[in-house]
């Protein structure tokens, strides 16, 4: 009788021991589950700061406030070819290296002025087929798309009306101008 209870408790304890590490929060994992991309938390933070540099917060919400970086990751994960996804990931690593060499410190530790100068140089640089320029242009394109399709933009900035629009039944008509032939 006591042997069954002991075996049962031993099995439960072993299962709990094996299950607990899987339940522990991984601080290096991204906040978003993606199917094709493997993004770490620090890469997601870099992407959020880059999106915020592209569309900063003013009296309107910035790119980070509307989660434009998460939109970018989902779009790259779902809508971009596998080769371009790999190019995007290589460009992310190249961006981190280029920012560190040019600014003498990691991207996360730089000031907004330094970030704007670095991004302006990327905009001015010759657009070649390099991974860095592909990464930056993709992030910029999807950040702007995320912002212009956000709930804030479509309800506060440019109010969206469904087609065909509102019905204005009582609108006075002007008589047609008389033409003489």
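How much length is gained if the chain between residue 180 and residue 78 is pulled fully straight, taking 0.36 nm per residue apart and subtracting their Cα-Cα distance, in nm to one decimal?
30.5 nm
Could you work out how far the C-alpha centroid of the range 125-181 sits from that of the range 56-99, in angstrom?
When both Cα centres are located, 22 Å separates them.
Regarding the chain, what whole-number volume in Å³ per residue does the convex hull of its Cα atoms give?
Details: hull volume 57.2 nm³, N = 181.
So the per-residue hull volume is 316 Å³.
Percent relative contact order of the chain, based on C-alpha pairs within less than 8 angstrom and at least six residues apart? Can you show the working numbers first?
On the way: 121 pairs, mean separation 37.2, N = 181.
Relative contact order, the chain: 21 percent.
Taking the mean number of other Cβ atoms within 10 Å as a proxy for protection, how do you rank 105-112, 165-172, 44-51, 145-152 from highest to lowest?
Final packing ranking: 44-51, 145-152, 105-112, 165-172.
Starting from the Cα coordinates of the range 129-181, work out the convex hull volume and express it per residue in Å³.
Normalising the Cα hull of the range 129-181 by residue number yields 203 Å³.
Using r as the Cβ-Cβ distance of residue 90 and residue 157, and R0 as 45 Å, what FRET efficiency do you calculate, to the nearest 0.05? Kindly include the intermediate steps, with their values, before the conclusion.
Numbers: r = 35 Å, r/R0 = 0.78.
Plugging the Cβ-Cβ distance into 1/(1 + (r/R0)^6) gives 0.80.
Readers should treat all values here as calculations from the given coordinates under stated rules, not as data from a laboratory. Computed from a prediction, not measured in an experiment: that's the story for all the values here. Counting neighbours? That spans all protein chains shown, and the Cβs are built from the backbone with ideal geometry, glycine included.
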